[in-house]
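The values are calculated or read from the model by the stated rules, or taken from the named source; none is laboratory data. Not measured: the values here are computed from a predicted model. Note: ideal-geometry Cβ built from the backbone for every residue, glycine included; neighbour counts use all protein chains shown.
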Amino acid sequence: MAEIPDLVGPIEMQDAIGATKAQLRSLREDAVLVPRISQPKINSPWRVADGHAFLRELGLLAITMPPDDEHWEDIQAASKRRRLRVGDIIEAARRGDLSLGRAPGVYGYRSFLVLMAEVDGLPRLTRELPPSIEGGIPLKERPASAFARGIGMRSKGWFQTLFEAGHASATWVQHPRTNVRLLYVSEADIADFNRRFLTLTQMQAEFGIHRHTCAANLKAAGVRPFAPDGQDFGALFERMKAEPVLRSLQP
């Protein structure tokens with residue numbers, strides 16, 4: 001609640017991070033940038049600080065490009081040209097599989113560029129997945145890493161660790177041509193996760209209570225993060241333990 005006066009609408013967020021309407025929409029759809037409030041009727045759901053943190057992250061990965069270098073293109077153009085998700089392009093840059101450049105004299109997200117030759121070598125994983133997975137279960141186009149970022153868990157490999165420990169369901173999908181394997185979650189996998197767990201980002205969106213307030217009250221009530229056998233999964237809580245505390249805080 002304390003953050004509400006500082007939240008902004010989409011136009012203000014676009015200006016704050018130097019993005020177009022289409023660019024911000026793509027970042028949101030792929031859970032690269034997530035509004036602080038998820039309800040569609042809220043006019044000012046964005047926190048500028050989240051956008052600035054994202055720009056700083058990209059800035060640390062990028063090299064400054066000479067002007068008018070025709071070997072580079074902006075992320076949105078690469079997405080359209082190769083029919084790749086923006087989130088997949090950014091994830092490739094984070095992994096070091098794709099060079100990230102920055103155009104001089106341009107502010108914000110639109111200044112970041114990717115090398116066209118390297119983009120051409122990326123598999124179109126989210127557009128060329130087989131229509132079903134083993135057992136005939138329909139597959140939804142949702143990388144587990146994108147789902148994790150959308151619920152505020154941004155540590156690399158976080159969901160895979162949770163999955164491999166047996167605490168979440170997901171499916172390894174192998175691209176038919178490149179043999180690259182990525183972990184994907186279906187709608188059923190996400191529903192199962194949400195029935196069992198809550199992150200601080202989800203708490204804030206679901207209960208309308210600031211994440212810091214949620215964390216403080218859970219600690220005071222003796223509700224600790226989910227850590228079976230001492231394994232650390234960060235600020236992840238079991239819903240059955242956390243939800244009664246959070247509901248008691250609502251008016």
Between Met203, Met153, which is at pLDDT 70 or above and outside any loop (DSSP other than H, G, I, E, B)? Met203
What tally of residues in segment 156-171 results from selecting those that are outside any helix (DSSP H, G or I) and either among the hydrophobic types (A, V, I, L, M, F, W, C) or under 10 Å from the mean Cα position of the chain (by Cα) (or both)? 3
Could you list, ordered by first residue, the pairs with Cβ atoms under 7 Å in which the first is in segment 142-160 and more than 14 Å from Phe197 (Cβ to Cβ) and in contact (Cβ under 8 Å) with a residue 12 or more places away in the chain and the second is charged (D, E, K, R) and part of a loop (DSSP other than H, G, I, E, B), at least 6 apart or interchain? Ala146/Asp30
Out of segment 219-233, which residues are surrounded by 14 or more Cβ atoms within 10 Å (Cβ to Cβ) and more than 19 Å from Ser155 (Cα to Cα)? Ala221, Val223
Is it the case that Leu236 is surrounded by 19 or more Cβ atoms within 10 Å (Cβ to Cβ) and in contact (Cβ under 8 Å) with a residue 40 or more places away in the chain? yes
Report, by residue number, each residue of segment 9-31 that is crowded, with 18+ Cβ neighbours inside 10 Å and modelled with pLDDT of 85 or more. Met13, Gln14, Ala16, Ile17, Ala19, Gln23, Leu24, Ser26, Leu27, Arg28
Would you call Val114 of a type outside the set (Asp, Glu), assigned by TED's automatic domain parsing to the domain that holds Gly18 and in a loop (DSSP other than H, G, I, E, B)? no
Answer yes or no: is there a residue in segment 178-190 that is under 21 Å from Met240 (Cβ atoms) and at pLDDT below 85. yes
